[in-house]
Structure formats: C-alpha cells, structure tokens
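The structure appears right after this line, and notes come after that.
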Amino acid sequence: MDAARGWDADDAVTQIYAAHYRSLVRLGALLLRDTALAEEVAQDAFVSMHGAWRRLRDPDKALAYLRRSVVNGARSAQRHAVVAAKHAPRPDPSAASAEQGALLALEHAEVLTALRTLPDRQREVLVLRYYLDLSEVTIADTLGISRGAVKSHASRGLAALRTALEDPA
Amino acid sequence: MSDDGRRDVPDSMPDDDPTAARLRAALTAEAAMVQPDDSLSSIRDRTGGDRPWWQRPAVLATAAAVVLGLVVGSGIALLGGDDDPTVATPGGKGTATGPETTSGAEESPSPSEATGTPTAPAVEGNVYVYYVMDQDNGMRLYREERPNPGMDPVTAALSTMFTQPALDPDYDSTWPRSTGIVGYSVDGETATVDVSDFPEVGASAEDIAVQQLVYTVTANDTSVKRVRLLVNGKTPPSGHQDWSEPIERSPRMDVQGLIWLLGPTEGETVSSPVQITGYGTAFEATVSWEVRRQGSDEVVAEGFTDAGANGEFADFSDSVELDPGTYELRAFESSAEDGRPLNTDSKVFTVG
C-alpha cells in the first residue's frame, strides 16, 4: 500500500485506529472479559505502535504488532489479580435482542464461561481463530509459537470446551 | 477475504466442528456488546508533542539497547523498537498529560440488534421500492421509500419500480421501463404478480431482477411470503431458470446491499446537526462515513459507527455538524486489506 509509505507515526496511529481500534478492544475484551481494561490495553498498544512505526512502516506489520501487544497486554493484565475484582458489569443480555435473546444469551454465556477455564494459550488461540478468523500461520506469528503448537492448542482447547459443555460441572 | 492475516484458504483447524461453531457464535455476540469509547485523543495525548527523551530518534539510534534496558528496568514500558512488544501493565499511563482515558465501565448495551425487517414500516402513505446497484460482490438490492399515489401499496410500489427511476442516480432497475402490471392477487401467503414484460438479461441479472420484485412485494405486504411470477399469464420466458414455482426472498447476505444509507435521502434538505441513518452489516460491524462538499474531493467530516456483523444486519446512526451547503455523504466498509471502501452507498443532500 503505497499511500502508507508517506505516513508518519501520527498518521499511522490515526489511520489504523480508525480501521482497527474497535476490533482490538474487542479482542482484549474477549480475553479479559473486562471492557475497561481491554480499552487500556488497546490504547497502550497504540502508544507503543506509535513509537515503533519508524521501523514497522507498514500497516499490516503494524496491525500484527498491535495484535501481539493486545494479547500480551491482556495476559499481563490478567496476571494482575485485581482483574477478577474489576469485572465490569455485563450488559443486560435480555436487552440485546427481542426474539431469541434470552436463550441465545444463556448459550453464549455457557460457552464463554467454559472458555474462561482453559489455559491462556489455548484460550488465545481459540479467540484469534474463531473471533478474528486468523490463519494458523498468523496465529503462530502473533503468539510467537510454532504452527504445530497452534494446532495442538486449538485441538486441545476445543476438546476441553466440548467436554465442559457436555458435562457442565 | 483479505490478507491482513485473516484466512483465505482452509487450513487444518476445524470450522465445521459443532463446538467451534458454538464458540464462534458466542465470541461474535460477546464482541458485539463491547462498544469502546473513542480514545484517539487520549492516545494522541500520550504520543504527541514533547516526546520523552527515550523516544527521541537520536537517542533511539545511538543507544537503543541501553534505553531498552533502562525503560524495562524502571517499569515504564512505553517503548517502540521491539518486535515482541510487551505492553505495560494497563493503568501505567506513562507520559499522559491530557485528560484521563474514559474507560467504559458503564457501557450502554449494544443498540439495536435488529434481525427482522429493517427499521420501521414505511411512513403511512409511503411504499418501499427496491432498486439495484452494482458492487464488487455483484448486483445488490437497495431500498427507497417513495410516496404512494393512493393505490394498494404493492401495486403502487411495483409501478414505481417499473416506471420511475430511483431518486439515487447510482441505483437502477433491471426491469424494462415499459413493464406494466397485468394483475395482482394474494392467496394466503402467496401473491401472484402478472406483468407485461420480463428482462432479457444474463442469469445473475435475471436473478436479481426477480429478487427486486419479490423483495418489493413482500416489503409492502408483510403477510406475503412468496411470489408466483407470471408474464402475460404464463411462466416467465427465461433462458436461465425455471420460475414456475412461487419464489421466496433469497437470503439477505446474497442479494441485499450490505450497507444502506437511509438518511438523509437523496436530494433532501436537512438542518445541522445532520442525522445519518442506515442499515447494514460489515466486518467488525464498523461502517465508516465521509462527507464531501458536492463536486469536491476534500473530505470535510468523517467518522464511523456500528451496524451489524457476521451476517446480521442492524440499524446504524451517527450525526455530523455541517455548515449550509450541498454535500455528498458516503457510507462504506473499509477493506481490512487496504482501506479501500467497499459496499459504498452515497447520497447528495443539502444543509439549509
């Protein structure tokens, strides 16, 4: 993308923010289940991307950098034990949709609760795959692990989810 | 779809697995409820102006490694120049000088999750008329609200569709202008529409023409679920398809314009702030919009808002303050690949 070559770091932040800020916050929120914290993680990612722009020089690389930052940031935020206490109130699921709302919300909550119980890596792989729809290669790159590891985290994660959903403890 | 890391070819990870499908649905729904506040200005406050010394290029160039060590060591992880970024513990605002981040702990729930017929029924006395516009993903249906001269709504809508051009010059009808209505009747959920002409076009254009008619009929009489189409009392003379059975609406994702700009309408005069309304679906639900003075390429205002995502269509809205004048508003999805606008719908309007 030629236009991006002329971008300075401020332009890059503005442009990439417009296209991807929302999805990066959502990625963080799915990993953390805390919107406020996810917003901070995403903002931190943009601030550090701004500093790295001179080297990145490419929107795709910048996006990959941002995703890595958000996943890493979410993981370190989660280690901070305060997270559990900081859970933002969940939006009222019954307000979401008229017809199928309630049942569907229950189903989603059940799946997300099961997802919570998985180890970090498995959860990260599954969210990058089934929310952002990233390829195996990109997930491997984002998490700094091998493709084989992505596959095994994914299959173990899905298997664990399946079990948890079949036999709710 | 694109190459920003998103998948364009199947790989070994399962998609048809039922657990994966449930997970995907849950993640999508959960993500849609996350409505971040606009934070560009607080990010700017942290990146702009007087840079801290460790971000100055000279320092970076000569002593990057040292700086890196110092920064990490002192716990201020606000640095660029690292391929494996480790983000500071959130809350460590580093050099923030401006207003604090507004964190959306009290987010309002996602607005309309409309899944049914778009928006409210037509204003009484108006009818819905579907037209066609060419997009990257094929010919797509777009809807206009037009006055009913005082007939049965379906007949009024169809005769407008056949004989009147769309208000929006980007829209067109695939039906011959000479087409007339020979007969219209309803039996239960099936309407029978008999018309005088049938488009002689390629298979996909014929398909969209038939859907244009089916969408228009069913939009104006919601008790009708399918349409038996006759041309002068006989099965349509198609070289492509057998239209002898009653026809239902094809799925929206296949035929409907993915982003409809509904307000302002084409040629309308409105006052500032201008309410932008529409209906549609986009990746990450993000619909971008831009306003230009008519005939100019310069964007005078822009923004983005939420519609539906993942095949769900939803209302979207935003507002913009504009000086008096005539403007073109475009709503579109930014390609994740290169920022190119996709599924653009545009309207020219005047601010009085």
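Take each residue in A:154-163, count the other chain C-beta atoms within 10 Å of its C-beta, and the mean is 3.
Per residue of A:131-139, other chain Cβ atoms within 10 Å of the residue Cβ number 6 on average. Each peptide among A:159-166, A:123-130, B:286-293, B:325-332 gets the average number of other Cβ atoms lying within 10 Å of its residues, and from highest to lowest they stand as A:123-130, B:286-293, B:325-332, A:159-166.
Charged side chains reduced to their Cβ positions (Lys and Arg at +1, Asp and Glu at -1) give segment B:150-198 a dipole of some 160 debye around its Cα centre. Going by neighbour counts of Cβ atoms within 10 Å, the residues A:155, B:319, B:334, A:146 line up, fewest first, as A:146, B:319, A:155, B:334.
Dipole magnitude for segment B:224-352: computed about the Cα centre from +1 point charges on Lys and Arg Cβ and -1 point charges on Asp and Glu Cβ, it is near 820 debye.
The mean number of Cβ atoms from other chains found within 10 Å of a Cβ in peptide A:24-34 is 4, as a whole number. Legend: ranking of residues A:141, A:34 from fewest to most surrounding C-beta atoms inside 10 Å; resulting order A:141, A:34.
Under 5 Å between amide hydrogens, built in the peptide plane, is the criterion, and for residue B:228 it picks out B:191, B:192, B:193, B:247 among residues at least 5 positions away or on other chains.
Here the Karplus curve 6.51 cos²θ - 1.76 cosθ + 1.60, taken at θ = phi - 60°, turns the phi angles of segment B:244-258 into couplings of 6, 8, x, 10, 9, 4, 6, x, 3, 4, 7, 10, 8, x, 6 Hz, with x standing for Gly and Pro.
Here, each number is a calculation from the coordinates, and none is a lab measurement. Everything quoted here is computed from the prediction, not taken from an experiment. Ideal geometry is used to build each Cβ from the backbone, glycine not excepted, and the neighbour counts take in all protein chains shown.
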